[in-house]
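Here's the structure we're looking at; comments come further down.
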Amino acid sequence: MHANSLATIMLLSWPLFAALIFMRMERVNAAIWSILLAYMFLPPSYYIDLPVVPALGKYEIASVATAVMLWLRLGRKGGVRDPMADDTRPVMPVWTKFLVFLLLVSAVLTVLNNDDALVSGISYRPGMQLSDAVANAILQLIELIPFFIGFRLLSTPQQTRKLLVALMLAVLIYSIPMLLEVRLSPQLNTWIYGYFQHEFAQAMRYGGFRPIVFMYHPIWVASFATMGFIATLCLTRTYQVNVRMMLVICYLIVLLILCKTMTAILMAVLAMPLVLVASPRAVLTISAVVAIAVFVYPVLRLTDLVPTEDILGLIGSSQPERADSLQVRFDNEVILMARALERPMFGWGSWGRNFPVDPVSGRYGAIADGAWVITMGSRGILGYIAQFGLLISPIIILWQRRFALFRRFDHTDLLMITTLVLMMAINLIELIPNATLTPLTWLLNGAILGHAARLQYSRALRRRWQREDSEALAKKAGLRPAL
């Protein structure tokens, strides 16, 4: 991959762009757009590898730049005061802190247990060193920055609406280069940054082209479009049911179809009635069930409880090519899981050590697509529990506190909060066949956890008020409180 100098300039200068965004926009909106614009337009699969520090790509640079701007307290104050601005800041649950700690520790333990070199025929994969442990821990912490930002900044209904509006506008902006690539073929990254970020064959589907723009893969673009589509549905139901919004929805439906990615289209079809018709309680419950199912998927896969043959038969009856592709994914999962079970607790680490290798040709014996199987192979069971436990725990915690949630917020606020939960659940489903774990995933996850943490505060405050009221009534009646 030979990128031109513009790719390097864009990555190095992004902190300046982030500073400009914060100078021109309100603080919360600036944080959202600083992450969004970098995700949308910076060069993908390209890293700046400086001495001492780990290699930094667009995800890492955007996250660090946004965190620095927030630390410097840049950004304008909001014109409309948040009704929950005076509430106590949400406190991260103990279990979440433990999972964050476990995720960082697992990155180090994986390195310490993979210091041996792997030699197989002509293939040589080096052992991991102590410097890799430090680099992995730093990169893991950087990856979690959007999670912390979402937790601190996006945990009120007003800030949640800003996130939904930003996602809708971002997809509408991105639709212009997307449609251009659908018509002319995916060439924008080549024209601007001088390289193509993936295999060109992956951008061809159903006799046409899938847009990839400045993302890693066409699936990433389709997943992003699905998020914007769901956000638009929510805003239409809660605020503006008019002709303009209906036209925007129709436009985004056409855009999703032109992405030619069946997973994204299926997720949009399933989400549409839930967002437009279902109650917030039903959406929250369904999302919690999905989150648990995704978390236990490796166990179901190992015990052959996933009906792979039935799934292949159902898809193959209408789309044989998609069934063949899914069959390859299932076969690769079996191979990679067998490899992961050779070092189950801490995994194989990086440098491609989690792949079986042909000793004659030196080629990998499988392709890793799903985020879950990549995590199991490279980080082991400990890393999987930490990462996917952190991904699903906000949904589960919010569901556990659902009674406080429905008592505290009105119907409009509940629709927005549960829409975020649904978007997160859909992203979790996508992590089974694909590795679409992006900064937006962590941003959504942090926002959901922030809402759940605020409910813990409201429950404690309500109990204190009830105790004070009972004591006041007892004193007024001339009685000494017995309890």
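A crude spin-label estimate for the pair Ser5 and Val296, with each label 7 Å from Cα along the Cβ direction, gives 5.8 nm. Put a dot 7 Å past each Cα toward the Cβ at Arg81 and Ile138; how far apart are the dots in nm? Label-label distance for Ile138 and Arg81, simple model: 4.4 nm. State which stretch of the chain is the longest one without any exposed trypsin sites (Lys or Arg not before Pro), exposure meaning a DSSP loop state and at most 16 other Cβ atoms within 10 Å. In the chain, the maximal stretch lacking such sites is 82-362. Computed from the C-beta positions of Leu247 and Arg322, the FRET efficiency with R₀ = 41 Å rounds to 0.85. 3J(HN,Hα) couplings calculated from phi for the range 143-160 with the Karplus curve 6.51 cos²θ - 1.76 cosθ + 1.60 (θ = phi - 60°) are, in sequence order, 4, 7, 4, x, 4, 5, 5, x, 5, 7, 9, 10, 9, 10, x, 5, 6, 5 Hz; Gly and Pro show x. Take the chain, mark every one of the GluC sites (Glu not before Pro) that falls in a DSSP loop and has at most 16 other Cβ within 10 Å, then report the longest stretch left between them, sites excluded. Answer from the scan: 1-198. Phi-derived couplings, Karplus 6.51 cos²θ - 1.76 cosθ + 1.60 at θ = phi - 60°, listed residue by residue for the range 283-294: 4, 5, 5, 4, 5, 5, 5, 4, 4, 5, 4, 5 Hz, with x used for Gly and Pro. Taking 10 °C and 1.306 mPa s as conditions, the range 49-107 diffuses translationally at an estimated 103 µm²/s according to Stokes-Einstein applied to its Kirkwood radius (Cα pairs). Available extension along the chain between Ala201 and Arg183 is 4.9 nm, counting 0.36 nm per residue and deducting the alpha carbon span. The charge dipole of the range 93-456, taken about the Cα centre with unit charges on the Cβ atoms of Lys, Arg (+1) and Asp, Glu (-1), comes to about 1260 debye, rounded to the nearest 20. Over the chain, how many percent of alpha carbon pairs lie in each 10 Å bin up to the one with the longest distance? It works out to 4, 18, 29, 28, 14, 5, 2, 1, 0, 0, in whole percents.
For Arg76, the residues whose modelled amide H falls within less than 5 Å of its own, excluding neighbours fewer than 5 places apart on the same chain, are Met25, Glu26, Arg27. A Cα-only calculation for the range 233-337 places Rg and Dmax at 17.6, 51 Å. Computed over the Cα atoms of the range 271-394, the ratio of the radius of gyration to the Kirkwood radius (Rg/Rh) comes to 1.05.
Select from the range 1-55 those chymotrypsin sites (Phe, Trp or Tyr not before Pro) which occupy a DSSP coil region and have at most 14 other Cβ atoms within 10 Å, ordered by residue number. Filter output for the range 1-55: empty list.
With the helix formula -39500 (n - 2.57) applied to DSSP H stretches of n ≥ 4, the chain reaches a computed 222 nm mean residue ellipticity of -22500 deg cm²/dmol. Distance between the C-alpha centres of the range 314-364 and the range 135-196: 28 Å, rounded to the whole angstrom.
Read-outs: derived from the displayed coordinates by stated rules, not from any lab. Everything numeric here is computed off the predicted structure, so don't read it as measured data. All Cβ positions, glycine included, derive from the backbone under ideal geometry; neighbour counts span all protein chains shown.
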